[in-house]
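To start, the structure itself, in structure tokens.
Derivation of every value follows stated rules applied to the coordinates shown; laboratory data play no part. Remember, it's a predicted structure, so these values are computed and weren't measured experimentally. Here the Cβ is made from the backbone with ideal geometry for all residues, glycine too, and neighbour counts use every protein chain on show.
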Amino acid sequence: MNIIEKQINFLKEVKTELAKVTFLSKEDLVKNTVSVILVSLAFSVFLGGVDYVFMYLIKTFLLKI
């Protein structure tokens with residue numbers, strides 16, 4: 001098999017595998033996207049709060065020495 005035949009064979013296999021793929025419906029895609037955004041926002045607020053508390057503790061206790 002030469003390189004051209006290998007590439008053609010690869011592309012045929014890719015087409016076959018893509019035919020087996022099931023994509024999400026628009027409704028499921030929107031639900032999952034909103035979930036990811038909300039969890040990301042909640043996590044960033046949590047981390048921001050933790051950062052604020054640690055900075056307060058450092059300024060209060062460590063920098064007063």
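Please turn the phi angles of region 38-46 into ³J(HN,Hα) values with the Karplus equation 6.51 cos²θ - 1.76 cosθ + 1.60 (θ = phi - 60°), one per residue in order, whole Hz, x for glycine and proline.
Values, residue by residue: 5, 5, 5, 5, 4, 5, 5, 5, 4 Hz.
Through the Karplus equation 6.51 cos²θ - 1.76 cosθ + 1.60, θ set to phi - 60°, convert the phi angles of region 47-59 into ³J(HN,Hα) values in whole Hz; use x for Gly and Pro.
5, x, x, 4, 4, 4, 5, 5, 5, 4, 5, 5, 5
What distance in nm separates the two pseudo spin-label positions at VAL53 and LYS15, each 7 Å out from Cα along the beta-carbon direction?
5.8
Specify the residue with the greatest mean-square fluctuation among LEU24, LEU11, LEU41, computed from a Gaussian network of the chain linking alpha-carbon atoms under 10 Å apart.
LEU11
Would you calculate a helix-derived [θ] at 222 nm for the chain, using -39,500 (n - 2.57) for each DSSP H run of n ≥ 4 and dividing by the full residue count, to the nearest 500? Could the numbers behind the result be given before it?
Values: 2 runs with 50 residues, N = 65.
Taking each H run of at least 4 residues, the total per residue is -27500 deg cm²/dmol.
In a Debye calculation with equal point scatterers on the alpha-carbon sites of the chain and no solvent, what is log10 I(q)/I(0) at q = 0.13 Å⁻¹?
Per q value, in the given order, log10 I(q)/I(0) is -0.67.
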